[in-house]
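A.B. asks: Quick one: structure below, then a few questions.
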Amino acid sequence: MRLTPVYAFLSAPYRALRAHIDRWLFQLHGPEAGHIVLVQRRIFILPSRHGMLYVGALLLMLTGSINYNLSLGFVLTFLLAAQGVNAILQTFRNLARLRVAAGRVAPVFAGDTARFTLVVDNPSTLDRFSIGITRDKHDAIYTDVLALQSTIVGVPVPAPQRGVLRPGRLTLFTHFPLGLCYAWAYAELDTQCIVYPRPEAGRVPLPAHDIHDGTGITRGSGQEDFAGLRSYHPGDSPRHIAWKAAARGEALLTKQFSGRADTELWLDWRATSDTLGVDGRLSRLARWVIDAHTAALSFGLRLPGITLPPAPGDAQRERCLEALALFQPTPA
Amino acid sequence: MTNAIDRFHLRHVAWLLASLALVAAPHVERLPWWITLLAAMLFVWRGYVALYGLALPRKWMLLMIAAGSLGGIYISYGRILGRDSGIAVLMVMLALKLMEMATLRDAMVLIFIAYFLVITNFLYSQTMPTAVFMLFVVWVITATMVGFQFRARQPGYPYQLRIAGGILLQSAPLMLVLFLLFPRVQGPLWGMPQDAFSGVTGLSEEMAPGSLSNLLTSDAVAFRVNFESADTPPPQLLYWRGPVMWDFDGYTWSAPRVPYPLPRSYEPLDNPVEYTVTVEPHGKRWLFALDLPAKAPPRSTLTSDYQLLFQTTLTNRLRYDMISHLRYRDSGDAPRYELQRALRLPGTSNPYTRELARDMRSRATDDRAYINAVLGMFRNQNFSYTTTPPLLGANPVDEFLQTTRAGYCEHYASAFAVLMRAAGVPARIVTGYQGGELNTVGNYMIVRQADAHAWVEVWLAGEGWTRVDPTAAVAPTRVQSGAFAAVPQGEALPLLLRGEFRWLHRARLTWDSLANSWNQVVLGYTIERQRELMQRIGIDDATWQSMITVMFITIGAITLVLALLMLRKLHSQRPDPVAAAYARFCARLARHGMTRHPSEGPDAFRKRATAARPELAPAIGTISDLYIRLRYGEQALAEDISALRRAVAAFRTRA
């Protein structure tokens, strides 16, 4: 929407006032923990654009019935008017008393799309059809929640930056059964998604590492001893994908290489170049974490103020990536 | 908010096409064939486009079809705006709109047009069968609307119809309240199209030889009568007075264009008959009453020749209370101009009749004797009654009296009146209906178009206007038991007017009785009836304000009750199905001393339970796995919930 300067001048106070009114009218209180029951006072209802058109059509029919004195015209007009009133109740009821809770959210890398799962539970003995869920009022996901059942809905939310991503205020809405009314409720669930830094692309060799295996013999980098395949996780280096298997039409697999559990690899903030900037350095560290994990090395992470001792395995990978995601650089 | 997802599928198109076809179907018999063909072709085209996912036709093509159709409609009807032509236009536009329908919003507009088309059907017929069919159509249209709203899964058309049916049923109480209490306004609000009520049958203000014959074979109802007292008057006294003809041009009789609303009086010779007439709309002004009416119903006037004229033409069924006197003596004084008018004969037409009249009058002693002589001539010479008389030429009365000598009421009345006027006896022709069929099922009288009749009134000094029915002289059964009893055997009659199918006749009377109740209760619910209803509930001077207040209070109450009933279902809550199933499982094990400790997790409990009852290990394992997955897993699948329930239901601690 384009605003003329005068409106632009007024728009800030207007927006503040609007937000205030919205908070009061729609009872917006920020995120709520646990499940949210869509009780009566949470649900709002207005005629839809089709509903307005319907009212217009009814007025036309009423005028026609009066003019031609058509008794059955009156009957029809009034039946349709009653149907409209009924639609208000039905649409309202279609949303009422649903229970919404947040499900698990898998962490994603920055730039990907997080899928917030929402458990919509229908504790009543009434089937609910065409419940829409939307964040931005443009793209909506529709689902049915049959009587005494729950449905899981994945709400895609783009995750542009690392850190903690919240889905914000979701709108649950419905037009069912006639499309004449629009009933909606807001749900701001206390759920979050960890967004890892986007791993740096391209070949970034792992830092040189000390090997303390007690024997004094230096082993290879751990990227040479093929140990097996596991299913692909987002963020795995493309170099380790079993492309031959993929070409055969199988699911993406990642090659795993045996390293030595006692190989101590330290992924250190200080080992990254200052010129990369905070996010660049974190991206590189993320790359290293993934590569080291793929190489089945035991690795530790050193960030200013955080030290994660070396360990191998998936848990270590997630721990490290989470630390990178949530890292707050202290102003020097 | 609008939905960006305006998904529009084949099934939506199919439902919409079905709805529109149903609602348009009754119009087919009234539309020119080419419009029906065009609409059908466009329907098929739209279905084809939807079926194969083709592109919709281009705008210029539709515009060309629209322009061509409008031209065609103008040629067919001679106008664009009118009832019939308007519906033709609506039909073409509807089919064209269908051809450019691409989104759900277009489809909703079509739905609303479909509802509107239902009303256009009522312009032609408001009978019970129409009402039932249209209710079905509304059901289908609403179900189509419901179908548009299934965004996730498609539960199938029975479900769709069930939801729509439920909505309509729940709407019934509110509809009834609105119908009864919504303040009615006397229409029309603006001028109706000229052809708004064409095609109705009935008497006209002119009577030429043969003009009644199409009425005499019509079994359409003219009006229905409820008598106050149980004993209805005898058939030979049931003369329902209609238009009175004064002027004769040698061929055609006609009623005066300007009726005289002068009050006249007569002396009643019996107790008044009280009755209620419900007259079908016939597009003319007159109302029917038994000879002679004693008052004029509301919004109508009584003319000096005892016609009842309504203030406007009758475009709707009208119900009015009447009082009549069947035996009476006219006051005997008539203004001079009236008597002169009743003697006028044009130029030199029908010379034989004039000659005959002079001859017969000279042989009679007085007017009364002359009348009897003429009636005697009809009775004793070879005059016959038939509903299919020979055609008559330029001097119809001469031809009738000299050669054909066969006809029905119209011919006899006309000949008799001319004979009277030629002999100096003032005479006028009264048209109307004679007799009527008593419907024993509903206990009222049906007067059909076939009961149309014409008789004569002559002015006798000292007695005034006196009714003479020359047809009764020829065919006395005509006034005793109707036109078709008077017809000789062997003449073709409408099937339902024949006497031999008694059960058919009985069924027909039952049906007419139902139709009559429908007309009275539903279609006859007018401003006056609404007033009566308001009086009955204790509001004497119902203004529209008070009616709206009553209406809104009732609507509020009904909506509240409906809302409570509907929302009550929401509170029939059950506990979380997963927790409930697991609790049942634990309860079963607890009966065997295997109680789960509050602090014990499901996995720990599974291990302990399996150790104690190894024979139940598979079942315990399945249930615990499902429960753990549902409670702590990433996704609670509906299938898992039902699997858990089934497993718990099948779980028996004793094998």
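A.B. asks: Compute the helix-to-body angle for A:49-68: its Cα long axis versus the longest principal axis of chain A, expressed 0 to 90° and rounded to tens.
C.D. replies: Taking the Cα atoms of chain A, the angle to A:49-68 is about 10 degrees.
A.B. asks: What is the ratio of the Cα radius of gyration of the stretch A:137-207 to 2.2 N^0.38 Å, with N the residue count, to two decimals?
C.D. replies: This ratio for the stretch A:137-207 stands at 1.65.
A.B. asks: Let's test this: bin the Cα-Cα distances of chain A at 20 Å from zero up to the farthest pair and state each bin's percent.
C.D. replies: 23, 38, 27, 9, 2, 0
A.B. asks: Which value, in debye to the nearest 20, gives the size of the charge dipole of chain B about its Cα centre, when Lys and Arg are +1 and Asp and Glu are -1 at the Cβ?
C.D. replies: Dipole of chain B, to the nearest 20 debye: 3760 debye.
A.B. asks: Okay, moving on. Pop out the Kirkwood hydrodynamic radius of the protein assembly as shown from its pairwise C-alpha distances, inverse of mean 1/r, in Å to one decimal.
C.D. replies: 37.0
A.B. asks: Right, something else. Averaging over every viewing direction, what projected area does the convex hull of the Cα atoms of the stretch B:123-174 cover, in nm²?
C.D. replies: Dividing the Cα hull surface by four gives the mean projection, 4.5 nm².
A.B. asks: Working only with C-alpha atoms, what are the Rg and Dmax values of chain B, expressed in angstrom?
C.D. replies: 37.6, 135
A.B. asks: Residue by residue, what Karplus-based ³J(HN,Hα) values in Hz, rounded to whole numbers, does the stretch B:409-425 have, using 6.51, -1.76 and 1.60 with θ = phi - 60° and x for Gly and Pro?
C.D. replies: Working through the residues one at a time gives 3, 4, 5, 5, 5, 4, 4, 5, 5, 5, 4, 5, 4, 5, 9, x, 9 Hz.
A.B. asks: May I ask you to derive the FRET efficiency for B:Leu269 and B:Met93 from their Cβ-Cβ distance with R0 = 60 Å, giving the value to the nearest 0.05?
C.D. replies: With R0 = 60 Å, the Cβ-Cβ based efficiency is 0.40.
A.B. asks: Turning to a different aspect of this structure: Mind giving me the nanometre distance, one decimal, between the label points for A:Thr307 and A:His20, set 7 Å out from Cα along Cα→Cβ?
C.D. replies: Label at A:Thr307, label at A:His20, 5.3 nm between them.
A.B. asks: Want the number for B:Glu228 to B:Thr313: 0.36 nm per residue separation, take away the alpha-carbon distance, what's left?
C.D. replies: Extra length from B:Glu228 to B:Thr313 when fully extended: 27.9 nm.
A.B. asks: Ok, one more. List the lysines whose Cα lies under 22 Å from the Cα of B:Lys284, skipping any in the same chain that are fewer than 8 positions away.
C.D. replies: B:Lys284 reaches B:Lys295.
A.B. asks: Could you name the lysines whose alpha carbon sits less than 26 Å from that of B:Lys569, not counting residues in the same chain fewer than 8 places away?
C.D. replies: none
A.B. asks: How many percent of all Cα-Cα pairs in the stretch B:552-642 sit more than 15 Å apart?
C.D. replies: Distances greater than 15 Å cover 69 percent of the Cα pairs.
A.B. asks: Magnitude of the Cβ-charge dipole of the stretch A:41-175, K/R +1 and D/E -1, about the Cα centre, nearest 20 debye?
C.D. replies: Rounded to the nearest 20 debye, it is 520 debye.
A.B. asks: Tell me what the protein assembly as shown gives for mean residue ellipticity at 222 nm when only DSSP H runs of n ≥ 4 count, each as -39,500 (n - 2.57), the sum divided by the residue total, rounded to 500 deg cm²/dmol.
C.D. replies: So the helix-based figure for the protein assembly as shown works out to -13500 deg cm²/dmol.
A.B. asks: With unit charges on the beta carbons (Lys and Arg positive, Asp and Glu negative) and the dipole taken about the Cα centre of chain B, which residue among B:Val177, B:Pro158, B:Trp33 sits farthest to the positive side?
C.D. replies: B:Pro158
A.B. asks: With charges set only on the Cβ (+1 for Lys and Arg, -1 for Asp and Glu), what does the dipole of the stretch B:260-417 come to about its Cα centre, in debye to the nearest 20?
C.D. replies: Dipole size: approximately 220 debye.
A.B. asks: So in the protein assembly as shown, what percent of DSSP beta bridges are antiparallel if you round to the nearest 5?
C.D. replies: Within the protein assembly as shown, antiparallel bridges account for around 90 percent of the total.
A.B. asks: List the lysines whose Cα sits under 23 Å from the Cα of B:Lys97, skipping any in the same chain fewer than 8 residues away.
C.D. replies: Hits, sequence-local ones excluded: B:Lys59.
A.B. asks: From zero up to wherever the largest Cα-Cα distance of the stretch B:273-341 sits, split into 5 Å bins and tell me the percent of pairs in each.
C.D. replies: 3, 15, 25, 21, 16, 10, 7, 2
A.B. asks: Can I ask one more? Given the Cα-Cα distance of B:Asp366 and B:Asp541 and 0.36 nm per residue of separation, how much length would full extension add, in nm?
C.D. replies: Between B:Asp366 and B:Asp541, full extension yields 57.0 nm more.
A.B. asks: Can I ask one more? Let me check the size of the stretch A:20-106 from its C-alpha atoms; what are the radius of gyration and Dmax in Å?
C.D. replies: Cα only, the stretch A:20-106: 19.8, 65 Å (Rg, Dmax).
A.B. asks: Equivalent ellipsoid semi-axes for the stretch B:247-383, as square roots of 5 times the alpha carbon gyration tensor eigenvalues: give them largest first, rounded to whole Å.
C.D. replies: After diagonalising the Cα gyration tensor, the semi-axes are 33, 20, 16 Å.
A.B. asks: Cβ neighbours within 10 Å, averaged per peptide: list B:256-268, A:292-304 in order, most packed at the top.
C.D. replies: By packing density, highest mean first, the sequence is A:292-304, B:256-268.
A.B. asks: Any idea what angle helix A:277-294 forms with the longest principal axis of chain A, computed on alpha-carbon atoms, 0 to 90 degrees, nearest 10?
C.D. replies: 70
A.B. asks: I would also like to ask the following. Considering the Cα positions of the stretch B:7-131, please state its Rg to one decimal place and its Dmax as a whole number of Å.
C.D. replies: Rg and Dmax of the stretch B:7-131, Cα atoms, are 14.5, 43 Å.
A.B. asks: Still on this model: Apply the Debye scattering formula to the stretch B:97-239, with a single equal point scatterer on each alpha-carbon and no solvent, then give log10 I(q)/I(0) at q = 0.15, 0.21 Å⁻¹.
C.D. replies: -1.07, -1.42
Laboratory data are not the source of any read-out in this text; all were calculated from the coordinates shown. If you're wondering where the values come from, they're calculated on a predicted model, not measured in any experiment. When we count neighbours, we look across all protein chains shown, and the Cβ atoms used for this are built from the backbone with ideal geometry, even at glycine.
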